[in-house]
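Participant: Please see the structure below; I have some questions.
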Protein chains: 2
Amino acid sequence: MAELYFEDLSLGLTWRSGPVMVSQADIIAFAQSFDPQPFHTDPEAAAAHRLFRGLAASGWHTAALSMRLFATGETRPIGGIIGNGIDELRWPRPVRPGDALTLTCEVVEVRAPEPGKSVGWARIRNTTTNQNGEVVQSLVVTLSIPRRAKG
Amino acid sequence: MAELYFEDLSLGLTWRSGPVMVSQADIIAFAQSFDPQPFHTDPEAAAAHRLFRGLAASGWHTAALSMRLFATGETRPIGGIIGNGIDELRWPRPVRPGDALTLTCEVVEVRAPEPGKSVGWARIRNTTTNQNGEVVQSLVVTLSIPRRAKG
């Protein structure tokens with residue numbers, strides 16, 4: 001496993017995590033708990049829906065699965081992933097039963113620690129794609145990340 | 001139940017949903033599935049954490065619970081809540097075991113349907129508060145919402 005300190009986060013650094021599989025049962029169970037709308041819980045109603053044309057995962061389910069990939073990947077920021085905020089969260093395509101999701105993380109902004117502080121900031125663009133390479137989610141997360149202790 | 005059409009969404013219109021209760025078991029179960037970091041899954045490790053000082057729900061759990069309030073409230077947009085995007089998602093305070101969350105929705109932007117179209121757009125600020133009135137999450141969601149069919 002590679003744990004990234006602040007000094008490791010150069011602009012453009014990219015890493016990947018996954019895949020994670022999504023079943024129809026997963027989609028329905030999440031939606032029944034958190035987003036109980038027919039296009040997320042009922043395959044027949046979803047098939048007739050003018051936009052979805054079939055069962056689609058709640059966007060918040062996609063977000064939660066993407067977080068799992070971010071937090072459990074072989075490469076990840078050190079010290080725990082504590083998001084100070086999320087911007088530009090988009091779901092350009094639905095996640096479908098049987099999809100396999102992969103997360104790509106790219107460092108898009110870095111800010112050095114303030115004088116005397118041991119923690120810098122980074123903004124990381126997280127893009128979730130399905131097994132066909134189609135983007136199902138994108139967001140930018142702002143994280144605080146410790147620098148290495150001075151030797 | 002009040003279902004809101006596009007014409008009902010005047011700037012500043014506000015409604016509330018909830019509360020929903022959050023237990024320690026809920027927090028741990030969600031985190032084990034989607035955000036398995038010790039400050040979300042292990043009360044002892046969380047108590048020792050420099051920021052959290054106790055078990056804290058994953059921000060994505062707070063987001064999912066807030067979606068449940070948005071989608072199941074007595075007042076809600078008609079036709080299904082299909083978010084075209086989320087901006088400015090923030091978690092200023094953690095959700096704790098035993099919290100009771102309430103969602104406040106406020107219309108902050110409206111855009112009329114394009115000529116010949118039956119669907120307008122709105123941006124709605126969703127603010128989730130705990131039983132002490134403290135904000136635990138805020139976001140702005142962009143939704144497409146049908147107007148009333150002409151009589």
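Nothing in this text is a laboratory measurement; each read-out follows from the coordinates by a stated rule. All values derive from a computational prediction rather than experimental measurement. Counting neighbours? That spans all protein chains shown, and the Cβs are built from the backbone with ideal geometry, glycine included.
Participant: Pick from region A:117-145 the residues that are free of Cβ contacts under 8 Å to residues at least 40 places away in the same chain, in a strand (DSSP E or B) and not β-branched (Val, Ile, Thr): which of them is nearest to A:GLU7 (Cα to Cα)?
Facilitator: Filtering region A:117-145 for residues that are free of Cβ contacts under 8 Å to residues at least 40 places away in the same chain, in a strand (DSSP E or B) and not β-branched (Val, Ile, Thr), the one nearest to A:GLU7 (Cα to Cα) comes out as A:TRP121.
Participant: A further question follows. In region B:76-97, how many residues are away from every other protein chain (no Cβ under 13 Å) and touching a Lys or Arg at 6+ places or on another chain (Cβ under 9 Å)?
Facilitator: Of the residues in that region, 0 qualify.
Participant: Can you tell me which of (1) more than 10 Å from every other protein chain (Cβ to nearest Cβ); (2) free of Cβ contacts under 8 Å to residues at least 24 places away in the same chain; (3) within 20 Å of the chain's Cα centre (by Cα) is the one A:MET67 doesn't meet?
Facilitator: It fails just one condition, (1).
Participant: Hey, another quick one. With (1) more than 8 Å from chain A (Cβ to nearest Cβ); (2) out of contact with any Pro (no Cβ under 6 Å at 6 or more places or on another chain); (3) of a type in the set (Gly, Ala, Ser); (4) under 17 Å from B:GLY18 (Cβ atoms) as the list, and B:ALA100 as the residue in question, which single condition is left unmet?
Facilitator: Unmet condition: (2).
Participant: Here is a follow-up. May I ask you to list the residues in region A:1-25 that are in contact with a helix residue (DSSP H, G or I) (Cβ under 6 Å, 6 or more places away or on another chain) and either farther than 30 Å from A:SER118 by Cα or in a helix (DSSP H, G or I) (or both)?
Facilitator: Listed by number, the residues that qualify are A:GLY18, A:VAL20.
Participant: Taking the criterion of being free of Cβ contacts under 8 Å to residues at least 60 places away in the same chain, under 12 Å from the mean Cα position of the chain (by Cα) and over 19 Å from B:VAL141 (Cα atoms), would at least one residue in region A:81-90 satisfy it?
Facilitator: Looking through region A:81-90, none of the residues is free of Cβ contacts under 8 Å to residues at least 60 places away in the same chain, under 12 Å from the mean Cα position of the chain (by Cα) and over 19 Å from B:VAL141 (Cα atoms).
Participant: Looking at region A:33-51, which of the residues that are of a type in the set (S, T, N, Q) and within 10 Å of chain B (Cβ to nearest Cβ) is surrounded by the fewest Cβ atoms within 10 Å (Cβ to Cβ)?
Facilitator: Only one residue tops the list, namely A:SER33.
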